[in-house]
Every structure is written in structure tokens, then in C-alpha cells.
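The values are calculated or read from the model by the stated rules, or taken from the named source; none is laboratory data. Only a predicted model underlies this, so the values are computations on that prediction, with no experimental measurement involved. Note: ideal-geometry Cβ built from the backbone for every residue, glycine included; neighbour counts use all protein chains shown. The accessibility values were calculated without ligands, DNA or RNA, using every heavy atom of the protein model including side chains. Shrake-Rupley method; radii C 1.70, N 1.55, O 1.52, S 1.80 Å.
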Amino acid sequence: MHPHTPAAEDPGDPKDLVRRGYDALSLRYEEAFGSDTKYRDWLADLRGRLATGSRVLDLGCGNGVPVARDLTAAGHRVLGVDLSEVQVRRARARVPGAEFRRDDITALDFPEGSFDAVLALYSLIHLPLGEQLPLLCRVVRWLRPGGSFLVTVGRDALTGTDEDWLGSGVAMWWSHPDAATSREWLRTAGFEVREERFVPEGNGGHVLFVAARPLG
């Protein structure tokens, strides 16, 4: 997530910039954003829709807290994937009951119907725009019919770099369309959009979509 509007510029390899940023700022990011508090209701709602032992994919899992930790504690089987080696290493130490993989989430593939739920919280917004809809089209296929998808997207269109993210001197990069475009992409991919919620953050915020693969 970004605290202010970054400069619109070409960072070279944006994914490498994102990876290096989270490698460097894993601890600072955890301290700066209250994920435990922010995600509590989201995860409680999701747990209410999952049968015990459900298979969950966390795209951009970070350090495993709170998503993998809470869902694993509730008896679910969680696979977390993140581009940052530091984040994955910390996740493995903090949530030994889950499985974690360091990978580019756009390079993943799974058999159809592999998961009961998929989450992409503050991770889709770090992908180039041209890779976001194709990933959504794969995610809907990875879900079983009726399976849930939680994703956070930008409220307004933005692509750019913050050269001093969290006041650290470390750069970070984001790219996302506005929420209306993301909503249309979800529907184009084949999701049913069940909820749209604005998540205020400082002077701005993001949008949480709760979607599902249709039963039919």
C-alpha cells in the first residue's frame, strides 16, 4: 500500500524493485500497517464461508501474518506465495503449519478447482497493468465453483514509484487502474462480485472486493 501519490516514472524492472523493497522493509512494513486489526473482519467473514480443512491460496503472502497464521489456526491448509525471499523466510518461521513458496504470482499455475479460497491483499497492485487481468482469469479457474476471492485494488488509477517509501530511502512501485476498471476485470474474468468496500488509509485508501467463482 502507498501512503501518498508516487512519481510516475519507469523504475526499470518494476517487479525487481518491488522484491527488493519488501526484502529491505519487511519489518518496517509490518510495524507501519496494522494488518492484524485491518484484516480481522475480512478473515472472520472468510472463515465463516469455509469448511474445516479448506485449501487456501494467499497471493503476496508477506510474512504470513495475519492471513496464513489465522487461517492455519482455524484448521485450513494454506499455501502462501510471495516475491520476497525475506518475507517468505519470515513466514516459514512464523507459521510452520502453512506452506510457503517464493515465486512470481503471475508465473503460477494450478489444476482447475484446486482451492476453496484465494486472497490477493495488496499484491495485485504491484503488478504491471497488462498482467492483472490474465492473472484474474487464472485465479477464477483455480477456485472450486462457489470458492471465494478477496482482493484489494486501487480506488484511483495510478502507476509510479515512491523513492522514499515509509521514509526509509528504499523505493517501491505500484500500478493499478481505478476501482471501476478492476470491478469490470473481475467480471470479465468470470467472477461474481459480491461485495465492494472502500478501505480508508490516511488521505486515500484502497478498495476490497469479495468475489466468487459462480456455481454454475
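Summary table
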read-out: Per-pair calculated FRET efficiency, R0 = 35 Å: ASP164 and ASP104 via Cβ, rounded to 0.05; value: 0.85
read-out: The chain: antiparallel DSSP beta bridges as a percent of all, rounded to 5; value: 60
read-out: Shape call, the stretch 46-133: gyration tensor on alpha carbons, a/c limit 1.5; value: oblate
read-out: Solvent-accessible area per residue, Å², over the chain with all protein chains present [probe radius 1.4 Å]; value: 42
read-out: Ranked by how many other beta carbons lie within 10 Å on average, peptides 114-120, 47-53 from highest; value: 114-120, 47-53
read-out: The stretch 85-169: relative contact order in percent, alpha carbon pairs under 8 Å with at least 6 residues between; value: 31
read-out: Rounded Å value of the spacing that divides the Cα centres of the stretch 118-149 and the stretch 65-85; value: 17
read-out: Cα gyration tensor shape of the stretch 92-174, rounded if a/c is under 1.5, else prolate or oblate by comparing a/b with b/c; value: oblate
read-out: Neighbourhood net charge (15 Å Cβ-Cβ; Lys/Arg +1, Asp/Glu -1) for ASN203; value: -2
read-out: Estimated [θ] at 222 nm from DSSP helical runs (n ≥ 4, -39500 (n - 2.57)) normalised by residues in the chain, nearest 500; value: -10500 deg cm²/dmol
read-out: Residue among ALA180, ALA189, ALA68 with the largest mean-square fluctuation in a Gaussian network model of the chain, springs linking Cα atoms under 10 Å; value: ALA180
read-out: Carbon + sulfur, % of accessible area of the chain - ligands and nucleic acids excluded, 1.4 Å; value: 49
read-out: Added length on full extension, which subtracts the Cα-Cα distance from 0.36 nm per residue, GLU131 to VAL199; value: 22.1 nm
read-out: Given charges at beta-carbon only (K, R positive; D, E negative), |dipole| of the stretch 75-216 in Debye; value: 620
